[in-house]
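Asks: What follows is a structure written as structure tokens; I'll ask about it next.
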Amino acid sequence: MYKGGMIGFYEREAMMIESQGRAVKGGSMKRAVVFTLLLLFLCFTSKAYALDFKVFEMRNKIFEESKELRTLLPNSRDAILTSSMFDSCIIIMSQLDAYFSMLGIFDSISKEDLNDKPLDLLENWIKEIKNTSETNINSLNNVSETLDAKTKIHLDKLKGYFSELSKRLDPELSKVSVIRKSLKVKKPAGAKK
């Protein structure tokens, strides 16, 4: 009995091998290699492939920094500053996680139904993340002195991470702008927004 999809492919292969009483040879091996290469190609070219996503890399760096800050909290002489830096990491990571979820929503919207409203929401959210990042940078720049050398190291790291994040959000805003322009070009005059 034929079944579609990947499970059906493997079931057919297993039934064929079992009925012939032989190991996989020749054509079956070629199919397996081609299938594996195709699967790898799809994985590495997929929109959901986040390892090449620069904003996601920054989120992971900030996450690692938050873990280091957390270990400093119990023994730090700069407990309030360290706690504040930890909180700023958590807030920005939450905003970035929400942004990544928003990107996933676009996969569920058909091209015909796409309008300016989701793009407005996404653009506003990116701007809000950028504002939060810049507020964090300003707050960290206002710290005049620290009691622990480790706190100063983490303070400087976070300034760099937040600055880099702000820079990496600019291309994201540009992408939204390009999508918005292409949407206006594709829709004929008088079309529903």
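Asks: Evaluate the distance, in nm, between pseudo-label points positioned 7 Å from the Cα of Ser139 and of Thr71 along their respective Cα→Cβ axes.
Replies: My value for the distance between the label points is 2.4 nm.
Asks: Would you please name the GluC sites (Glu not before Pro) within segment 122-172 that are DSSP coil residues with at most 11 other C-beta atoms within 10 Å of their C-beta?
Replies: Numbers: sites: Glu123, Glu128, Glu134, Glu145, Glu164, Glu172; in loops: Glu145.
In loop regions of segment 122-172 (DSSP not H, G, I, E or B), the sparsely surrounded GluC sites (Glu not before Pro) are Glu145.
Asks: Can I ask one more? Magnitude of the Cβ-charge dipole of segment 50-186, K/R +1 and D/E -1, about the Cα centre, nearest 20 debye?
Replies: Working: 21 positive and 22 negative charges, 59 e Å.
So the magnitude is around 280 debye.
Asks: I've got another one for you. Whole Å is fine, so just give me how far the alpha carbon centre of segment 68-83 lies from that of segment 151-177.
Replies: Using only Cα atoms to place each centre, the spacing works out to 22 Å.
Asks: May I pose another question? Want the number for Ala98 to Glu112: 0.36 nm per residue separation, take away the alpha-carbon distance, what's left?
Replies: Values: separation 14, 0.36 × 14 = 5.04 nm, distance 2.48 nm.
Additional length available on full extension: 2.6 nm.
Asks: If each residue's Cβ is checked for other Cβ atoms within 10 Å, how do Ile153, Ile92 rank with the fewest at the top? Mind showing how you got there, number by number?
Replies: Working: Ile153 12, Ile92 24.
Least to most surrounded, the residues fall as Ile153, Ile92.
No value in this document is a laboratory result; all are computed from the given coordinates. Quick caveat: nothing in here was measured; it's all calculated off a predicted structure. Counting neighbours? That spans all protein chains shown, and the Cβs are built from the backbone with ideal geometry, glycine included.
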